[in-house]
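Everything below concerns the one structure shown next.
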Amino acid sequence: MHTLTGHSGQIRAVAISPDGQLVASGSADKTINIWELDSGSLVYSLRDHSNWVRGLTFSPDGKSLVSCSADKTVKIWNVNSGKLIQTLAGHANGVSAIATSRDGRVIFSGSDDGTVKLWDLYTGNLMYTLTGHSGYVLSVANSPDGKVLAGGCGEVIRLWDLYKEKWMGDLTGHSGWVRSIVFSKDGRTIVSGSEDGTIKMWHDSKLTHTLEGHTSRVSGVALSPLGKIIVSGSGDKTLKVWQSENGKFVKTIGSHDDAIWSIALSPDEQAIASGSADSTVKIWQCH
């Protein structure tokens, strides 16, 4: 549909708003651009990070955008005005992963300092810190019921019971860093993408499928809201679609001129956004 140009560095993060109207892109040029999904027009640019923007997520109500950066901070922005609401500082190293709870009250940030921090989205206050990871936390995801947090730490996916603030166990099987994690709508399935070039599906904490076909790291995975397809983006420059029921490869739907770092699927499953090291964001129409 569109190739969005305007960034002067790699695109490390993309996100689509809950209403499917906007695309946000975060770049190594330290800026965040907000685009109209349908027209591809640039709405505005956000400039306050002092290093690479590594992660983006919209709040469930679409009113706030949360970003994280190699500058060790998390920032909350007003989507309507484009104004910075608050800067959350506390990590000892760059922040690589960001997510919000389904009720929109909690921000989860995963950092190169080996911790995951939980913040109150409305006040910006630090709620508590999850420790015990053995390396960089490059991906985080919260289950739909809000009870479980999954964090990709090295080759392991660590699961936390947020109600008891307690470690539940690890999902092991990847042979490379886990770059992306997503929960299914019912919370029973986890899909993960790794530096080992594979996508793994876990049901009730048991490995059920390993999806192979990419020739480089899998940097982004998205699961359709209806749970029927998985979309993956890779360092091999391609986007691929898979059946989530059996893990079968469906097709390659497009490519960039350089590695893909991040992907997002619109809520209505009609569009995919991909961000790449080629400094562009591409919007693909799903059929």
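The values are calculated or read from the model by the stated rules, or taken from the named source; none is laboratory data. A quick note: this is a predicted structure, and the numbers were derived from the prediction, not measured. In this analysis, Cβ positions are derived from the backbone assuming ideal geometry, glycine residues included, and neighbour counts consider all displayed protein chains. We work out accessible area using only protein heavy atoms, side chains counted, and drop any ligands, DNA or RNA first. Shrake-Rupley method; radii C 1.70, N 1.55, O 1.52, S 1.80 Å.
Tabulated data
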read-out: Relative contact order (percent, whole number), the stretch 1-66, Cα cutoff 8 Å, 6+ residue spacing; value: 30 percent
read-out: Residue list for the stretch 18-46, given a label point 7 angstrom along the Cα-to-Cβ vector of Asp268 and an amide N cut-off under 11 Å; value: 19-21, 38
read-out: Magnitude of the charge dipole, the chain, Cβ model with Lys/Arg +1 and Asp/Glu -1, debye to 20; value: 220 debye
read-out: Between the stretch 226-278 and the stretch 21-74, the Cα center-to-center distance that results, in Å; value: 20 Å
read-out: Charge dipole magnitude, Cβ of K and R +1, D and E -1 - the stretch 112-266, Cα centre, debye nearest 20; value: 420 debye
read-out: Geometric extent, Cα atoms of the stretch 53-150 - Rg, Dmax (angstrom); value: 12.2, 39
read-out: Theoretical FRET efficiency, 1/(1+(r/R0)^6), r = Cβ-Cβ of Asp257 and Gln21, R0 22 Å, to 0.05; value: 0.20
read-out: Debye log10 I(q)/I(0) for the stretch 72-216, one point scatterer per Cα, at q = 0.08, 0.20 Å⁻¹; value: -0.21, -1.20
read-out: The chain - percent of accessible surface contributed by carbon and sulfur, probe 1.4 Å; value: 45 percent
read-out: Tail beyond 26 Å, pair distance distribution of the stretch 138-287 (Cα, percent); value: 19 percent
read-out: Cα→Cβ-extended label distance, 7 Å offset, between Arg188 and Thr172, nm; value: 2.6 nm
read-out: Percentage relative contact order, the chain, counting C-alpha pairs under 8 Å, at least six apart; value: 14 percent
read-out: Accessible surface of Val140 - all protein chains present, 1.4 Å probe, nearest 10 Å²; value: 20 Å²
read-out: Listed residue (Pro225, Tyr163, Leu46) projecting farthest to the positive dipole end of the chain, Cβ model; value: Tyr163
read-out: Dipole moment magnitude, nearest 20 debye, the stretch 2-137 about Cα centre, only Lys, Arg, Asp, Glu C-beta charged; value: 200 debye
read-out: Note, ³J(HN,Hα) from phi for the stretch 225-231, Karplus 6.51, -1.76, 1.60, rounded to Hz, x at Gly and Pro; value: x, 7, x, 8, 10, 10, 10
read-out: Kirkwood-Stokes translational diffusion coefficient of the stretch 208-285, alpha-carbon pairs, 4 °C, 1.567 mPa s, µm²/s; value: 105 µm²/s
read-out: Packing-based order for 30-38, 252-260, using average beta carbon neighbours within 10 Å, highest first; value: 30-38, 252-260
read-out: Where Rh is the Kirkwood radius over Cα pairs, Rg/Rh for the stretch 20-63; value: 0.98
read-out: Approximate spin-label separation Asp145-Asp48, in nm, with each point projected 7 Å along Cα-to-Cβ; value: 3.6 nm
read-out: √(5λ) per eigenvalue of the Cα gyration tensor, the stretch 110-153, largest first, Å; value: 18, 14, 8
read-out: Accessible surface, per residue, of the chain when the full set of protein chains is kept, probe 1.4 Å, Å²; value: 41 Å²
read-out: Taking the C-alpha atoms of the stretch 1-114, convex hull volume expressed per residue in Å³; value: 94 Å³
